[in-house]
Structures are given as C-alpha cells and as structure tokens.
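S.K.: Below is a structure I'd like to ask you about.
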Amino acid sequence: MAITIDPSELAKDFRLDVRARLTQLDRRLKLVGFLSTTQSPSKTYASYTKAGCDDVGIDFELIEVPKLELEAAIDQANSDPNVHGIIVYYPIFSSEHDRYIKDLVDHRKDIEGLHTYWAKKLYHNDRFVDAARTKKALLPCTPLAIVKLLAKARATLGFNTNDLRPLAGASVTVFNRSEVVGRPLAAMLANDGAEVYSFDVDGVLKFAGDAVEESKITRSAALKVSDIVVTGVPSREFELVSPAEIKAGAICLNFSTLRNFTADIGDRASVFIPRVGPMTVAMALRNTLRLYENYHA
C-alpha cells in the first residue's frame with residue numbers, strides 16, 4: 001500500500017522557515033492580489049493566499065478590479081514602493097490576452113514567476129539573477145511545489161535528493177502541458193536530470209536536459225517505464241490512470257482539482273500525493289520573500 005503524503009505537512013515546514021526569516025527584516029512585506037474573475041478556484045486561491053500571509057506575517061491586500069481596469073491597477077502596484085509582491089488570479093480573459101497581462105507585472109514583484117523574464121531563466125536553466133550567482137532565480141509556484149513534494153517522496157523512499165541532478169536516470173510522465181504548470185514543470189524536472197514525457201491534447205513532447213523533441217510514445221508505453229507520474233487534467237473525460245498501467249513502485253502525484261487516478265492507485269504506487277494546493281501557497285510566500293531579498297532589501 002502506498003505512502004500518502006499530505007502537502008500541508010511539508011507546507012508547514014516552509015512557512016515556519018519563511019516566518020523566521022521575515023522576523024529578521026526591518027519592515028513588513030506587502031503582497032497585493034488582483035482578482036478580476038468570478039471563477040471559484042481563483043477566489044479559493046485568493047483566500048488561501050490571505051491565510052498564508054496572515055500565518056507568516058506578510059500584509060496582504062486583495063483588490064477586486066474589473067478586468068478592463070486591471071492593466072492600470074497593475075501599473076499602479078508596480079510603481080508603489082510599499083508593494084513588494086504582486087499576484088494576479090487567472091484565468092481572466094481565457095485567451096492570449098492573459099499572456100499579455102502576465103508580462104505587465106514587474107518581474108521584480110511577480111511572485112508567481114510567470115513573467116517572460118522568469119520563463120526565459122527557467123527554459124535556459126539559468127538559476128541566478130546576478131553575475132556573482134548569489135541570488136537565486138524565481139520559479140513558478142505550482143511547478144515548484146510539485147518538485148518539492150516529489151523530492152519529499154523520493155527522500156522518503158531513500159533516494160539522495162541533495163545532488164545537483166537529483167532525478168538523473170528517472171523517467172517521468174506528465175499529463176498536462178499548460179504554460180502555467182505542465183510545460184514549466186517538465187522543464188524543471190528535465191533540468192534536474194529526468195527524461196520527461198509531456199502529454200496534452202496536441203501530442204507528446206519529450207524533455208531531456210535542455211532538449212525538447214516530439215515523441216511518438218504511447219500513454220501505455222510511457223506509464224510502464226515511468227518512475228514518477230504527474231497528472232493535472234481538469235476534465236472528467238480524462239481516462240483515469242489505474243494501477244495496471246503504472247510501473248510498480250511509481251510515485252504518483254495529482255494536482256488537478258479533479259482526481260486523475262483511480263481510487264486503488266496505491267495498490268501499485270509506492271507514494272501517492274493527492275493534491276498540491278497548500279504547497280503552492282507556501283511557495284508563493286517563499287517567492288515573495290525571495291523577491292524582496294533579491295531586489296528590494
């Protein structure tokens with residue numbers, strides 16, 4: 001039977017670290033969230049962000065703004081020296097316009113790491129923002145949360161997770177290639193040494209090191225060789241991943257609001273991580289502190 005990892009436990013450890021480091025600063029940090037959508041997951045994320053900020057000692061202001069006024073509101077927050085972090089709750093326009101909005105946020109205040117500046121750092125595996133390589137680059141919250149949870153799972157199983165390439169030799173299948181989670185996650189896992197098969201409705205891409213290529217591998221073949229299976233498909237039409245499909249002892253992680261695995265996945269998996277949410281919030285808090293240390297301290 002698989003070990004089940006509760007993300008709230010690991011998130012608590014990260015929040016404790018952030019809280020301790022915040023007490024050493026000579027000022028309180030302020031995070032501003034912009035809500036321009038009525039979708040309930042965005043509202044839920046906003047409420048969790050506030051709770052996380054309250055817990056560690058970051059001032060949080062949620063601003064509900066009509067989407068056509070959002071650009072001006074972001075510009076104002078960008079220029080406000082008392083605002084140290086900005087988070088925008090997506091989707092807004094559910095189109096390429098959202099990509100434009102992501103790049104409106106000053107990358108020095110973009111706690112979710114969605115700006116093109118941070119994407120370029122990620123996809124070129126450039127892990128620092130300064131020539132002296134003392135200030136670490138920002139990574140997007142949910143993919144980072146997943147990487148941390150997978151590291152926890154592998155450490156639980158006895159793997160060395162402190163190596164520069166902790167996933168060297170591992171095969172991973174990811175069902176999701178969104179620009180917010182799936183694609184950056186595949187790149188991050190490949191940067192850590194894994195061979196990643198990235199599935200979405202448009203086909204399969206293979207990420208290995210800094211190379212990305214199209215693949216003809218089937219779902220069945222990929223799952224049979226994968227040491228890690230990550231799913232984030234927000235559709236009830238997705239065929240649930242079952243124990244018969246996966247490699248014995250695989251680590252399985254679900255980050256979709258819908259469960260993408262059958263209820264008995266633990267019969268064959270070694271570790272099952274059913275959700276990620278609390279860790280995403282913890283990474284947002286951690287990123288807020290990192291941006292302050294990199295650019296505003």
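S.K.: For Val233, list long-range residues whose amide hydrogen, built 1.01 Å from N in the peptide plane, is under 5 Å from its own amide hydrogen.
M.R.: Sorted by chain and number, the residues that satisfy this are Ser256.
S.K.: Would you calculate, for the chain, the mean residue ellipticity at 222 nm contributed by helices, counting each DSSP H stretch of 4 or more residues as -39,500 (n - 2.57) and dividing by all residues, to the nearest 500?
M.R.: On the way: 9 runs with 107 residues, N = 297.
It comes out at -11000 deg cm²/dmol, rounded to the nearest 500.
S.K.: So, one more: Pairs to check: Lys30/Lys109; Lys30/Lys50; Lys12/Lys120; Lys43/Lys148; Lys152/Lys247; Lys12/Lys67. Give those whose C-alpha atoms are more than 22 Å from each other in this structure. Working shown, then result.
M.R.: Details: Lys30/Lys109 10 Å; Lys30/Lys50 11 Å; Lys12/Lys120 30 Å; Lys43/Lys148 25 Å; Lys152/Lys247 19 Å; Lys12/Lys67 34 Å.
Check vs 22 Å cut-off fails for Lys12/Lys120; Lys43/Lys148; Lys12/Lys67.
S.K.: While we're on this one: Between Glu214 and Ser235, how many nm apart are label points set 7 Å from Cα along the C-beta direction?
M.R.: So the label points at Glu214 and Ser235 sit 2.0 nm apart.
S.K.: Can you tell me what share of the DSSP beta bridges in the chain is antiparallel? A percent to the nearest 5 is fine.
M.R.: 30 percent
S.K.: Quick one: what are the phi-derived ³J(HN,Hα) couplings along segment 241-247, Karplus 6.51/-1.76/1.60 with θ = phi - 60°, whole Hz, x for glycine and proline?
M.R.: 6, 10, x, 5, 8, 8, 5
S.K.: Would you please give the residues with an amide H less than 5 Å from that of Ala170, counting only those at least 5 places away or on a separate chain, with H modeled from the backbone geometry?
M.R.: So Ala170 has HN proximity to Glu195.
S.K.: Can you pull out the trypsin sites (Lys or Arg not before Pro) in segment 169-256 that DSSP calls coil and that have at most 12 other Cβ atoms within 10 Å? Spell out each step's value before the answer.
M.R.: Details: sites: Arg177, Lys206, Lys216, Arg219, Lys224, Arg236, Lys247; in loops: Arg177, Lys216, Arg236, Lys247.
When the trypsin sites (Lys or Arg not before Pro) of segment 169-256 are filtered for loop state and at most 12 Cβ neighbours within 10 Å, Lys216, Arg236 remain.
S.K.: Moving on. Roughly speaking, what is the stretch gain from Thr161 to Leu68, that is 0.36 nm per residue apart minus the C-alpha to C-alpha distance, in nm to one decimal? Each step should come with its number before you reach the end.
M.R.: Details: separation 93, 0.36 × 93 = 33.48 nm, distance 4.51 nm.
Between Thr161 and Leu68, full extension yields 29.0 nm more.
S.K.: Bin all alpha-carbon pair distances of segment 26-114 at 5 Å intervals from 0 and give each bin's fraction as a whole percent.
M.R.: 3, 14, 27, 27, 19, 8, 2, 1, 0
S.K.: Report the percentage of all Cα-Cα pairs in segment 142-277 whose separation exceeds 18 Å, rounded to a whole percent. Walk me through the intermediate numbers first.
M.R.: Numbers: 4450 of 9180 pairs.
Everything past 18 Å amounts to 48 percent.
S.K.: Counting only C-alpha contacts under 8 Å and six or more residues apart, can you give the relative contact order of the chain as a whole percent? The partial results should precede the final answer.
M.R.: Working: 551 pairs, mean separation 63.3, N = 297.
Averaging sequence separation for qualifying contacts and normalising by length gives 21 percent for the chain.
S.K.: Also, quick follow-up: Output the 0 to 90 degree angle, nearest 10, between the alpha-carbon long axis of helix 40-56 and the longest principal axis computed from the alpha carbons of the chain.
M.R.: The helix 40-56 is inclined about 70 degrees to the chain.
S.K.: Using per-residue counts of other Cβ atoms within 10 Å, averaged over each peptide, order 191-202, 271-282 from highest down.
M.R.: Taking the mean over residues of other Cβ atoms within 10 Å, the ranking is 271-282, 191-202.
S.K.: In whole Å, how far is the Cα centre of segment 252-277 from that of segment 45-69?
M.R.: Measuring centre to centre over Cα atoms gives 29 Å.
S.K.: While we're looking at this one, here's another question. What ranking of Cys252, Cys53 emerges when the number of other C-beta atoms within 10 Å of each C-beta is taken as an exposure proxy, fewest first?
M.R.: Fewest to most other Cβ atoms nearby, the residues stand as Cys53, Cys252.
S.K.: So how do Leu10, Leu157 line up by other beta-carbon neighbours within 10 Å, fewest first?
M.R.: Ordered from fewest to most neighbouring Cβ atoms within 10 Å, Leu10, Leu157 come out as Leu157, Leu10.
S.K.: Right, next: Go through segment 209-285 and name the GluC sites (Glu not before Pro) that are in a DSSP coil and have 12 or fewer other Cβ atoms within 10 Å of their Cβ. Before the final figure, lay out each step's value.
M.R.: Working: sites: Glu213, Glu214, Glu237, Glu239, Glu245; in loops: Glu237, Glu239.
In loop regions of segment 209-285 (DSSP not H, G, I, E or B), the sparsely surrounded GluC sites (Glu not before Pro) are Glu237, Glu239.
S.K.: Using only Cα atoms, find the angle between the long axis of helix 141-156 and the longest principal axis of the chain, and express it within 0 to 90 degrees, rounded to the nearest 10.
M.R.: Here the helix axis deviates by roughly 50 degrees.
S.K.: For a quick check of your reading of the filter: which trypsin sites (Lys or Arg not before Pro) in segment 29-133 sit in a DSSP loop and have no more than 14 other Cβ atoms within 10 Å?
M.R.: On the way: sites: Lys30, Lys43, Lys50, Lys67, Arg99, Lys102, Arg108, Lys109, Lys120, Lys121, Arg127, Arg133; in loops: Arg108, Lys109, Arg127, Arg133.
Here the trypsin sites (Lys or Arg not before Pro) that fit, given the DSSP loop and packing criteria, are Arg127, Arg133.
S.K.: What is the set of long-range amide H partners of Phe93 at a cut-off below 5 Å, with H atoms built 1.01 Å from backbone N?
M.R.: Here Asp98 satisfy the definition.
S.K.: Quick one: Cα centre-to-centre distance for segment 80-134 and segment 135-170, in angstrom?
M.R.: Using only Cα atoms, the two centres lie 21 Å from each other.
S.K.: Tell me the angle of helix 277-291 to the major Cα principal axis of the chain, expressed in degrees between 0 and 90 and rounded to the nearest ten.
M.R.: 50 degrees
A short reminder: the numbers here are calculations on the coordinates, not readings from a lab. Being a predicted model, the structure only gives us computed values, none of them experimental. Cβ sites come from the backbone with ideal geometry, for glycine too, and all protein chains shown count toward neighbours.
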